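Enquirer: Before I ask anything, let me first share the structure, which is written out below as structure tokens.
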Amino acid sequence: PALERAGAAGPSRAEAAGPKIAYRGTGAVEAIMPPPSSLHATRPVILIHHDPVPDLMNESMSMPFIVASTDLFRGLHVGDRIAFGMQVTPDALLVVTIPRLP
């Protein structure tokens, strides 16, 4: 149900041009793990202490997420406050955008 709700209104123009975002969250970077890492042999992983994610998770917590590309790690540092956008894939929630917040 939450997955269906996320796209019910259709994508914005910006989303139509870029990756389709199912969920958006905010949080702080706790670890940046290019592959291979202790969490995944072939995919980049980011550990985020995230705030509640609307329509997905009602609690704040630290969680690892698979990232679409190590390119998203450029300029990112542990402790940075970020927004992040996720796509739903058959294997996992995939982080596809990681803009830094002021």
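The values are calculated or read from the model by the stated rules, or taken from the named source; none is laboratory data. All figures in this text were calculated on a predicted structure; none of them were measured in a lab. Heads up, the Cβs are rebuilt from the backbone with ideal geometry, glycines too, and the neighbour counts pull from every protein chain shown.
Enquirer: If you scan region 36-51, which residues turn out to be in contact (Cβ under 8 Å) with a residue 24 or more places away in the chain and either farther than 24 Å from Pro102 by Cβ or assigned to a loop (DSSP other than H, G, I, E, B) (or both)?
Expert: Of region 36-51, the ones in contact (Cβ under 8 Å) with a residue 24 or more places away in the chain are 39-40, 43-44, 46, 48, 50-51.
Selection gives Leu39, His40, Arg43, Pro44, Asp51.
Enquirer: Ok, one more. For the structure I just gave you, tell me whether Ile66 is of a type in the set (Val, Ile, Thr), assigned to a strand (DSSP E or B) and under 18 Å from His40 (Cα atoms).
Expert: yes
Enquirer: Scanning region 1-47 for residues that are surrounded by 11 or more Cβ atoms within 10 Å (Cβ to Cβ) and among the charged types (D, E, K, R), which turns out modelled with the lowest pLDDT?
Expert: Restricting to residues being surrounded by 11 or more Cβ atoms within 10 Å (Cβ to Cβ) and among the charged types (D, E, K, R), the top hit is Arg5.
Enquirer: Here is a further query. Taking region 89-100 only, how many residues are surrounded by fewer than 17 Cβ atoms within 10 Å (Cβ to Cβ) and among the aliphatic types (A, V, I, L, M)?
Expert: Result for region 89-100: 1.
Enquirer: Let me ask you something else. Determine whether Met86 is part of a strand (DSSP E or B), without any contact (Cβ under 8 Å) to a residue 24 or more places away in the chain and surrounded by 15 or more Cβ atoms within 10 Å (Cβ to Cβ).
Expert: On the way: part of a strand (DSSP E or B): yes; without any contact (Cβ under 8 Å) to a residue 24 or more places away in the chain: no; surrounded by 15 or more Cβ atoms within 10 Å (Cβ to Cβ): yes.
When the stated conditions are applied, Met86 does not pass them.
Enquirer: Something else: I'm trying to understand the selection: among the residues of region 70-83, which are in a loop (DSSP other than H, G, I, E, B) and surrounded by fewer than 12 Cβ atoms within 10 Å (Cβ to Cβ)?
Expert: Of region 70-83, the ones in a loop (DSSP other than H, G, I, E, B) are 74-80.
Within region 70-83, Arg74, Gly75, His77, Val78, Gly79 meet the criteria.
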